[in-house]
Every structure is written in structure tokens, then in C-alpha cells.
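Heads up, the thing below is written out as C-alpha cells.
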Amino acid sequence: MCPHTHPRGGEIIFVVDGALTVGTVDSNGKLYKNVLQKGDVFVFPKGLPHYQANFDKANKAVVVSAFGSSNAGTVSLPKNLFGSSIPDEVLTKAFKISADTVQQLRTGQN
């Protein structure tokens with residue numbers, strides 16, 4: 001469920017069973033979100049932040065995922081931002097949050 005990117009390859013998913021909520025954000029910050037059902041396919045373009053989440057606790061979603069590169073890479077946005085050595089001052093200004101919130105987010109990455 002963690003928002004992430006694949007810097008070196010796009011991702012395509014196929015829902016084998018169940019339902020899955022997916023979302024991706026384009027380079028202008030617009031969110032494209034959909035609930036996929038069995039048989040649906042969705043493509044996440046290379047490098048764009050995205051997520052997949054099964055919000056139905058009673059039913060599992062079965063998904064096949066493939067990448068447009070043998071080494072697509074994965075960048076976990078929360079971990080790479082709040083689990084890094086980026087100065088608190090940069091994060092507080094970038095996200096318009098308090099230093100206490102930055103510390104809570106940093107603690108959650110450990």
C-alpha cells in the first residue's frame with residue numbers, strides 16, 4: 001500500500017481475483033484512481049508515484065504484476081523521504097508540516 005515509484009520501468013498489473021484500489025499521480029499532481037475488478041488491467045508509467053491497496057479485509061485480491069524493465073527499481077516514498085538524512089528544515093518547508101510531525105514520520109520508518 002505504500003506509495004512508491006519505479007524509476008527505471010513502468011508496471012502493469014492484472015487482477016486475477018478480487019478487487020484492488022489503485023492510484024497514480026501524474027507530473028502535474030493529478031490523481032488517477034480506480035477500483036479494479038477481476039480481469040482488469042492497469043498500467044503505472046515509469047517514475048510516477050503510485051499505490052495499490054486492498055481495502056476489503058474480508059476478501060483477498062490476487063494480482064499479477066510485470067515491469068517494463070528487468071531492473072525497474074523501487075523507491076518507497078515515505079521511507080526514502082522520512083527515513084533519510086534530509087534535514088528536518090527541508091521536510092517541514094516542503095510538506096508544510098511541523099518539526100514534531102517530521103519526527104513522528106521519521107520514527108514510523110524505523
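Here's the list of lysines a cross-link from K96 could span, going by alpha-carbon distance under 25 Å and ignoring same-chain residues fewer than 8 apart: K30, K33, K79.
For a quick protection proxy, order the peptides 77-83, 56-62 by their average other-Cβ count within 10 Å, most packed first. Intermediate results must be reported in sequence, preceding the final value.
Values: 77-83: 15.6, 56-62: 10.9.
Output ranking for 77-83, 56-62: 77-83, 56-62.
Report, in degrees rounded to the nearest 10, the 0 to 90 angle that the Cα long axis of helix 99-108 makes with the longest principal axis of the chain. Compared with the principal axis, the helix lies near 50 degrees.
Exposure proxy ranking for K46, K96, based on other Cβ atoms within 10 angstrom of each Cβ and starting from the fewest, stands as K96, K46. Calculated mean residue ellipticity at 222 nm for the chain: -6000 deg cm²/dmol, from DSSP H runs with n ≥ 4 weighted as -39500 (n - 2.57), summed, divided by the residue count and rounded to 500.
Does anything in region 20-44 have its amide N under 19 Å from the 7 Å Cα→Cβ label point of N59, and if so which residues? The answer is 20-23, 34-42, whose backbone nitrogens lie closer than 19 Å to the label point.
Read-outs: derived from the displayed coordinates by stated rules, not from any lab. Since the model is a prediction, treat every value here as computed from it, not as a measurement. Neighbour counts are summed over all protein chains in view; Cβ atoms, including those assigned to glycine, are modelled from backbone coordinates with ideal geometry.
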